[in-house]
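Single-structure report; data block below.
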Amino acid sequence: MSESLNYAEAFEELQIIVAEIEKGEITVDALSEKVKRAAQLIKICKTKLASTDEDVNQILKELEESGE
Amino acid sequence: MSEIIQDRQVFSLLEVARSIQKTISDRYKSSYWIKAEMIRLNHYKHSGHCYPDLVEKRNGTVIAQMRANLWKKDYERISKKFLETLKEPLKDGIKILFLAKISFEPVHGISLRILDIDAGYTLGDLEKEKQAIIERLRKEGIFDRNKRVKMPLLPQRIAVISVETSKGYSDFQKKIADNPWNFRFFHFLFPSVLQGDHAVAAIIAQLKRIKKVVNRFDIAAIVRGGGGDVGLSCYNDYRLAREVALFPIPVLTGIGHSTNETIVEMVAYRNAITPTDLADYLIHRFHEFLLLVQKSARTVRESALRMAAEERRKLQAEVKLLNSAARNVSIKNSAELKACMERMTQHGRFICRDENQNIRQARMALERAATKLIANNRMLAGQHARLIVREAYFFLRDNAQRLTAAQSNLSAKSLAMIRENHAALVNAGRNVDNMDPKNVLKRGFSISLLNGRPVVHVDQVKAGDALITLTSGGAIESKVESINKTDTP
C-alpha cells in the first residue's frame with residue numbers, strides 16, 4: 001500500500017467494491033484482486049479509528065504565526 | 001411659613017420642598033405598576049442598595065429617564081425571584097415591570113422606590129427578544145447554515161471551547177478517552193468563560209482563533225457543565241449565535257443546563273445537551289463507521305466465498321456431466337468395437353479359408369510344374385554334357401599343337417642369343433686387361449703416395465714431404481726438394 005490514501009477515500013473505494021460485489025459485477029478472475037484491495041482499504045479505515053497524528057505544537061505554531 | 005420681604009412673599013427652600021412633597025404625596029397616594037428599560041442596575045455591594053437608571057426609548061431615542069431606588073431588602077427578595085424564574089439575576093439591559101411608589105424627599109428630590117419587579121414580564125420580554133433574534137437569523141438565511149456544513153465521516157479532531165477546570169470538560173475528556181473500542185480522538189482546548197456577561201465576547205474570540213487553524217479540526221465543541229444554570233442568556237445573544245451559525249466546521253454544543261434551548265444550541269450543527277452526551281455522540285459516529293467497515297468486510301468475505309462456492313459447484317457439475325458423457329461414449333464405442341471385432345474375425349476367417357484353398361491349389365500347381373520342369377531339365381542336361389565333352393576335346397587338341405610349335409621356336413632363338421653374347425664377352429675381356437694399373441705402370445706411368453694416399457694435385461705437396469712413388473717393378477721413397485707449379489691448373 002504505497003499510495004497514501006486517506007480513510008475517507010479508502011472508505012469510498014471500499015463501498016464501491018462492496019457494491020460491485022453485491023451486484024455481481026465482478027468476474028471470478030477479478031475477485032481475488034478486489035478482495036485483496038478491500039482488505040487493504042478495511043485496514044486503512046480501522047487504523048484511522050484507533051490513531052491520530054495531530055501535533056499540538058504545530059497548531060500552537062500556526063496560531064502564533066497568524067498573529068497572536 | 002413664608003415671610004414678607006420688601007412687599008414680596010418669600011419661601012425657604014425647605015418650605016418649597018415640603019410643599020412639593022405634600023403635593024406629590026397627596027397626588028400619588030398609592031403605588032403604581034410602571035414599565036421601563038433598566039439600562040443599569042447600579043448595585044452597590046457595600047451598602048447592598050441599588051439605584052437603577054430607568055429609561056424609555058422611542059425609535060432608539062431616550063424620551064424619558066429617571067433614577068429609582070431599590071433598597072437592599074427589596075433587592076435580595078426580587079433577585080431571588082428572578083433567579084428562580086429566569087435563571088438570570090437582575091442585571092443591566094433588561095425590560096422590567098415594577099411596582100413603585102413616587103415620593104419626594106426634600107434632600108434627595110423626586111424618586112421612584114421600587115417595591116417589586118414582575119419576573120414573568122421580563123421573562124416574556126426576553127422570550128420575545130429571543131424569538132426576534134431567531135426570526136432575524138432565519139431572514140438572513142443563516143439559521144440552518146451550520147447544520148448544512150459537511151460532517152466528516154470521523155469527527156476525530158475536536159477544537160474544544162471550555163474552561164480547563166470545569167467538570168463538563170473533564171467529563172467529556174474522560175468519556176472519549178475511556179471508550180471500549182479504543183477509538184482515538186484528538187482534542188485541543190480553546191479556553192473561555194462560558195456564562196455571564198463576558199461569555200459572548202470570550203467565546204466569539206475563541207471561535208475566531210479556531211478559524212485560523214480550522215484545517216486542523218473536524219468539529220468545534222462548546223462544552224460546559226457543573227456551573228449551574230445561571231447566566232446562560234449569553235447563548236441567546238445574536239452576535240454569538242451568528243458566529244456559530246456561520247462557523248465553517250460543525251459546532252456541537254454540550255452546555256449542560258435544564259432551561260429552554262438557547263439560540264446558539266438551536267443553530268449549532270448538533271445540540272448534545274451535556275458534555276457526556278456530546279462525547280457519546282462522537283463515539284457513536286466512530287462506532288457506526290466501524291460497523292459499516294465491518295459490514296463491508298463481511299459482505300466482501302461472504303460474497304467472495306459464495307462466488308467461489310458457486311464456481312466450485314458449477315465446475316463439479318461440469319465434471320459430472322463430462323464424466324457421464326464420457327461413460328456414454330465409452331459404452332457406445334465399446335459396443336461398436338465389439339461388433340467391429342466380430343465382423344473382422346468373421347471376415348478374417350473367410351479370408352483365411354479362401355487363402356488356404358488358394359494356397360492348396362497353388363501348391364498342387366507348383367508341384368505339377370516342378371515335376372514337369374525336372375523331367376525337361378534332365379533331358380537337356382544329357383544333351384549339354386555330350387556337347388561339352390566334344391568341345392573340350394577339340395580345344396585341348398588345338399592347344400597341344402600350339403604348344404609344340406612354340407617349344408621348337410623357343411629352342412632356336414635361345415641358341416642364337418647365346419652365341420652373340422659369347423663373342424661380346426671375349427671382346428670385353430681384352431679391354432679390361434688394357435686398363436689394369438700394372439699394365440699402365442709398365443707403359444711408364446707412376447703413382448706418388450703421400451702418407452699412403454695418392455697425390456692427384458701438386459697443391460697436396462710441400463717441400464720436405466716424404467713421398468713414396470709406385471712404379472712398375474717396385475716403390476721409390478723420396479723427399480721433396482722443391483715444387484714448380486705449372487701455369488695451368
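Given the conditions (1) at pLDDT 85 or above; (2) surrounded by fewer than 13 Cβ atoms within 10 Å (Cβ to Cβ); (3) at the interface with chain B (Cβ under 8 Å from one of its Cβ atoms), which single one is not true for A:GLU68?
(1)
So in the range B:156-194, with the set limited to residues that are in a loop (DSSP other than H, G, I, E, B) and within 12 Å of another protein chain (Cβ to nearest Cβ), which one is farthest from A:PHE11 (Cα to Cα)?
So, considering only residues that are in a loop (DSSP other than H, G, I, E, B) and within 12 Å of another protein chain (Cβ to nearest Cβ), the one farthest from A:PHE11 (Cα to Cα) is B:ASN179.
Out of (1) in a helix (DSSP H, G or I); (2) more than 14 Å from chain A (Cβ to nearest Cβ); (3) under 30 Å from B:LEU207 (Cβ atoms); (4) within 40 Å of the chain's Cα centre (by Cα), what's the single condition that is false for B:LEU252?
(1)
Can you work out which of the residues in the range B:200-249 that are crowded, with 21+ Cβ neighbours inside 10 Å and among the aromatic types (Phe, Trp, Tyr) is nearest to the other protein chains (Cβ to nearest Cβ)?
Once the filter is applied, the top-ranked residue is B:PHE217.
Here are some residues: B:SER303, B:SER330. Which one is without any contact (Cβ under 8 Å) to a residue 60 or more places away in the chain, hydroxyl-bearing (Ser, Thr, Tyr) and surrounded by fewer than 12 Cβ atoms within 10 Å (Cβ to Cβ)?
It is B:SER330.
Scanning the range A:1-38 for residues that are facing another protein chain (nearest Cβ under 8 Å) and open to solvent by 60 Å² or more (accessible area, probe 1.4 Å), which turns out modelled with the lowest pLDDT?
A:VAL28
Consider the range A:48-63. How many of its residues are within 10 Å of chain B (Cβ to nearest Cβ) and in a helix (DSSP H, G or I)?
Qualifying residue count, the range A:48-63: 9.
Please enumerate the residues belonging to the range B:222-249 that are within 25 Å of B:THR165 (Cβ to Cβ) and either assigned to a strand (DSSP E or B) or of a type in the set (A, V, I, L, M) (or both).
Across the range B:222-249, the qualifying residues are B:ILE222, B:VAL223, B:VAL230, B:LEU232, B:LEU240, B:VAL244.
Given the criteria touching a residue at least 40 places away in the same chain (Cβ under 8 Å), assigned to a loop (DSSP other than H, G, I, E, B) and buried (at least 18 other Cβ atoms within 10 Å of the Cβ), does B:LEU137 qualify?
Against the criterion (touching a residue at least 40 places away in the same chain (Cβ under 8 Å), assigned to a loop (DSSP other than H, G, I, E, B) and buried (at least 18 other Cβ atoms within 10 Å of the Cβ)), B:LEU137 does not qualify.
Taking B:GLU311, is it within 10 Å of chain A (Cβ to nearest Cβ) and more than 30 Å from A:TYR7 (Cα to Cα)?
Criteria met by B:GLU311.
Can B:ILE374 be described as surrounded by 11 or more Cβ atoms within 10 Å (Cβ to Cβ), more than 14 Å from chain A (Cβ to nearest Cβ) and either modelled with pLDDT under 90 or in contact with a Pro (Cβ under 9 Å, 6 or more places away or on another chain) (or both)?
In short, no.
May I ask you to say which residue of B:LYS73, B:LYS45 is without any contact (Cβ under 8 Å) to a residue 60 or more places away in the chain, loosely packed, with under 15 Cβ neighbours inside 10 Å and not in a helix (DSSP H, G or I)?
Testing whether each residue is without any contact (Cβ under 8 Å) to a residue 60 or more places away in the chain, loosely packed, with under 15 Cβ neighbours inside 10 Å and not in a helix (DSSP H, G or I) leaves just B:LYS45.
Return the residue satisfying two criteria in turn: it lies in the range B:255-267 and is part of a loop (DSSP other than H, G, I, E, B) and not acidic (Asp, Glu), and of such residues it is nearest to B:GLN131 (Cα to Cα).
B:THR262
List pairs: first residue in the range B:235-247 and in contact (Cβ under 8 Å) with a residue 60 or more places away in the chain, second residue of a type in the set (Ser, Thr, Tyr) and open to solvent by less than 10 Å² (accessible area, probe 1.4 Å) anywhere in the structure, Cβ distance under 6 angstrom, at least six positions apart or on different chains.
Once the first residue is in contact (Cβ under 8 Å) with a residue 60 or more places away in the chain and sits in the range B:235-247, its partners that are of a type in the set (Ser, Thr, Tyr) and open to solvent by less than 10 Å² (accessible area, probe 1.4 Å) give B:ASN236/B:THR262.
Name the residue that is modelled with the lowest pLDDT, counting only residues in the range B:99-114 that are farther than 10 Å from B:ILE20 by Cα and open to solvent by 40 Å² or more (accessible area, probe 1.4 Å).
Selected residue: B:HIS108.
So, in the range B:278-293, of the ones that are free of Cβ contacts under 8 Å to residues at least 40 places away in the same chain and open to solvent by less than 70 Å² (accessible area, probe 1.4 Å), which residue ends up nearest to the other protein chains (Cβ to nearest Cβ)?
B:VAL293
List pairs: first in the range B:10-34 and in a loop (DSSP other than H, G, I, E, B), second open to solvent by less than 80 Å² (accessible area, probe 1.4 Å) and of a type in the set (Gly, Ala, Ser), Cβ under 7 Å, 6+ apart or cross-chain?
These pairs meet every condition: B:PHE11/B:SER2; B:SER31/B:ALA100.
On the basis of being within 26 Å of B:TYR235 (Cβ to Cβ) and either in a loop (DSSP other than H, G, I, E, B) or open to solvent by less than 80 Å² (accessible area, probe 1.4 Å) (or both), does B:LEU90 make the cut?
So B:LEU90 passes the test.
Give just the number: which of (1) of a type outside the set (Gly, Ala, Ser); (2) crowded, with 19+ Cβ neighbours inside 10 Å; (3) in a loop (DSSP other than H, G, I, E, B); (4) touching a residue at least 40 places away in the same chain (Cβ under 8 Å) does B:ASP197 not satisfy?
If we test B:ASP197 against (1) of a type outside the set (Gly, Ala, Ser); (2) crowded, with 19+ Cβ neighbours inside 10 Å; (3) in a loop (DSSP other than H, G, I, E, B); (4) touching a residue at least 40 places away in the same chain (Cβ under 8 Å), just (2) comes out false.
The values are calculated or read from the model by the stated rules, or taken from the named source; none is laboratory data. Keep in mind the model is a prediction, meaning the values are calculated, not measured. Glycine also receives a Cβ, built like all others from the backbone with ideal geometry; neighbour counts cover every protein chain displayed. To get the accessible areas, we keep the full protein, side chains included, count just its heavy atoms, and leave off ligands, DNA and RNA. Shrake-Rupley method; radii C 1.70, N 1.55, O 1.52, S 1.80 Å.
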